[in-house]
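Structure first, then comments.
The values are calculated or read from the model by the stated rules, or taken from the named source; none is laboratory data. All figures in this text were calculated on a predicted structure; none of them were measured in a lab. Quick reminder, even Gly has a Cβ in these numbers, built from the backbone with ideal geometry, and neighbours come from all protein chains shown. Areas reflect the complete protein model, heavy atoms only, side chains present, ligands, DNA and RNA absent. Shrake-Rupley method; radii C 1.70, N 1.55, O 1.52, S 1.80 Å.
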Amino acid sequence: MSAPPIQSQATNAQADILIEARHISRRFGAFQALTDITVQFRAKQLCAIIGPNGAGKSTFFNILSGAIEPSSGSVLFQGQDITGLAPHEYARRGIAKSFQITNVFKQLSAHENVRVAVQMRHARFDFFSPRARLAGVAQTAQELLERVGLAGLGQKPAGDLAHGQQRSLEIAMALAADPQLLLMDEPTAGMSPEETTVMMDLITELAAERTVILVEHKMKLVMGICKTLIVLHHGQLLAQGTPEDIRANEEVRRVYLGQG
């Protein structure tokens, strides 16, 4: 049996790319934060963006999530150019994000936080529709709380949850949009070792269903769970590959791991 045509193989590989950054650069006044970064992220992979402080990780994350625009270059999602679209358009296309600083409604219960997120998805900003018309909203919210390990805390005010639980709640709210891509900025920041373990287990489970891209400083953790690592240094792409590739890269070891 003959092998598939080379062109067909290339087409299939291209179709597997969920989001792509092409020649991304970003300036803030005279400061060059990013320079000519081109990377591809494949569907249903867990990836991390790593690098020393000041490497440009947060800037690159903000560009991928639509929070800021690049000075030059483009972002493609499922082959469509989404550069410069409003953040809600990113969400409508299936891109959700959670930031380093937890963003929940602390005066509302955990269930109410997620219910609002689900309702926003189904009602499309129709604030005046009675909730009773939105069949299944409360049930979906409860299922999402269960998904992130908060099943028994639905009636607790979000502000009374532990830090790690608030981060999990934020993820449940992001999942309300049923995203194909979940972007997470330092999801374990400020967590205890126990909370960190729970969060990384959750992230690994989520990555079986969708693409997850992390910015994370805890090198040992990302090395253990990610399929692909993107290493930035001084706003440039230093390396890209599997954890094994990154460990073996002498330049990465020199500038990031502190090994000569």
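Hydropathy first: keep DSSP H helices in the chain averaging at least 1.0 on Kyte-Doolittle, then drop any whose Cα extent along the axis falls short of 27 Å, and list what survives. The partial results should precede the final answer.
On the way: long enough: none.
Span-like helices here: none at all.
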Calculated FRET efficiency for the pair A162/Q32, C-beta based, R₀ 51 Å, to 0.05: 0.80
Amide N proximity, region 46-70 versus D16 label position 7 Å along Cα-to-Cβ, cut-off under 14 Å: 46
For a quick size check, give me the Cα extents of the chain along its three principal axes, largest first, whole Å. 56, 52, 44
Return the aspartates and glutamates within reach of K156: Cα separation strictly under 15 angstrom, same-chain partners fewer than 8 residues apart disregarded; answer none if there are no such residues. E112, E146, E170
Segment I68-L108, length gained on full extension (0.36 nm per residue, minus Cα span): 11.5 nm
Counting heavy atoms of the protein chains only and a 1.4 Å probe, report the per residue accessible area for the chain as a whole number of Å². 50 Å²
Accessible area of the chain belonging to carbon and sulfur atoms, whole % at 1.4 Å probe: 51 percent
How much accessible surface does T204 have with a 1.4 Å probe, in Å² rounded to 10? 60 Å²
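In deg cm²/dmol, rounded to 500, what helix-only [θ] at 222 nm does the chain give when every DSSP H run of at least 4 residues adds -39500 (n - 2.57) and the total is split over its residues?
The per-residue figure over the chain is -10500 deg cm²/dmol.
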